[in-house]
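Notes follow once the structure below has been shown.
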Amino acid sequence: MRSRIAIVIPARNAAATVGRAVRSMLDQTVHDVEVVVVDDGSTDQTAAAAQAIDGTRLRVIRQPHRGVAAAANAALAATSAPLVARMDADDYSHPTRLARQLELLERRQLDVVGCQVNIVDEAGRPIDNLRRYQRWINEETATPEQILALRFVEYPLANPTLLARREFFELGYREGAFPEDYDLMLRGAAAGMRFGKAAEPLLDWIDHDRRLTRSHERYTPEAFDRCRRTHLLAGPLAGVSSVDLAGVGQTGKPWLRWLQSEGLTVRRAYDINPRKHGAVIHGVRVDDPQQMPPADGTPLLIAVGSEGARGVITPDLLARGYVLGHDAWFVA
């Protein structure tokens, strides 16, 4: 009899941490689970450390080193569970994680559910320079519509927290010069899948210099930027000839130049800085956002980088008839 939820854990050289990660999933308050660890060509005792955990709900698969995307896909192929959760080999899931996420997934008829996180070091201490990112990833007001509107900033769900219907993971992680998890979530959104997030921290995300997001070139800011712009052109901006842009400061000017380089006409630009009102930047007149006319179907990109600015501008956009995630998107 197949399990209801399969937990996919790619692992490479994680002998010191994989046991704790596996146990945190086997000790969930939801018991109808199986854990699949794929040892991706480790040169340490990762496989032995995982296999040392006795249990019929655990499988350990060894493969030559092929990368995290291939390891996650191999784990999925080894199970037929209708629901799949992701987990990293150096993180820790709280005992009620799956129960909370499963309840939200079913109650709101979602396809993918994440949760808030605690970003800590290996000693369990908060990391000062990641506090702002933690606040971003832990946004409580993450409705499916808000998540769609924010997805071209970065997906406000952490990959190791995901619980999803199998169809989402069957889209497959792809290898390339881009973050494979961000790419998958953007493809899920393009396929019409609905995303949500449990409004409580249910995973301890252990940050360290050996983590792939810290050390691999596909997780650099430039790689994220290539990914978001590729999906933006293939999705909301496909077949579009002109756009409007809110924000032409440090965040917005590069977007203005990029849009023009892609052959798009920036019809109108807006900025809250009164010194820019009436100015012409790269051939585009800048006006006060209060002069923004009602939405008319032209895509609007909102390039604001200061913390809290998105929440300030949102009511004005809604009052003008914009539907966030449909004809207006935040970018960064």
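Since every read-out is calculated from the coordinates, none of them should be taken as a lab result. Keep in mind it's a predicted model, so treat the numbers as computed, not measured. Cβ sites come from the backbone with ideal geometry, for glycine too, and all protein chains shown count toward neighbours.
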Quiz prompt | Helical contribution to [θ] at 222 nm, DSSP H n ≥ 4, -39,500 (n - 2.57), averaged over the chain, rounded to 500 | solution = -8500 deg cm²/dmol
Exercise. Can you tell me the 0 to 90 degree angle between the C-alpha axis of helix 309-319 and the longest principal axis of the chain, rounded to 10?
Key: 60
Quiz item: What percent do you get for the relative contact order of region 159-276 when only Cα pairs under 8 Å and 6+ apart count?
Solution: 20
Self-check item: Gyration tensor (alpha-carbon) shape descriptor, region 236-330, a/c threshold 1.5
Solution: rounded
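Taking a ≥ b ≥ c as the square roots of the eigenvalues of the Cα gyration tensor of the chain, is the shape rounded (a/c under 1.5), prolate (a/b larger than b/c) or oblate? Write down the numbers at each step before the final one.
Values: a/c = 2.21, a/b = 2.05, b/c = 1.07.
Note, shape of the chain comes out prolate.
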Exercise. Could you tell me how many degrees, from 0 to 90 and to the nearest 10, lie between the Cα long axis of helix 97-107 and the main elongation axis, the longest principal axis, of the Cα atoms of the chain?
Key: 50
Quiz item: Long-range amide H contacts for Leu157: which residues qualify at under 5 Å (H placed 1.01 Å from N, peptide plane, sequence gap of 5 or more or a different chain)?
Solution: none
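What is the dipole size for region 138-294, taken about its Cα centre, with +1 at each Lys and Arg Cβ and -1 at each Asp and Glu Cβ, in debye to the nearest 20? Don't jump to the answer; show the numbers that get you there.
On the way: 21 positive and 22 negative charges, 103 e Å.
Computed about the Cα centre, the dipole is about 500 debye.
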Exercise. Treat every Asp and Glu Cβ in region 44-90 as -1 and every Lys and Arg Cβ as +1, leave all other atoms uncharged, and give the resulting dipole magnitude about the Cα centre to the nearest 20 debye.
Key: 220
Quiz item: At a Förster distance of 41 Å, what's the computed FRET efficiency of Thr141 paired with Arg275, Cβ-Cβ distance as r, to 0.05?
Solution: 0.85
Practice problem: Measure nothing but the geometry: give the 0 to 90° angle between the long axis through the Cα atoms of 221-234 and the longest principal axis through the Cα atoms of the chain, rounded to 10°. | Solution: 70
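Shape of region 61-149 from its Cα gyration tensor (a ≥ b ≥ c, root eigenvalues): rounded if a/c is under 1.5, otherwise prolate when a/b > b/c, or oblate? Each step should come with its number before you reach the end.
Working: a/c = 1.87, a/b = 1.14, b/c = 1.63.
Verdict is oblate for region 61-149.
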Quiz item: When the dipole is taken about the Cα centre of the chain, and only Lys, Arg (+1) and Asp, Glu (-1) are charged at their Cβ, what size is it in debye, to the nearest 20?
Solution: 360
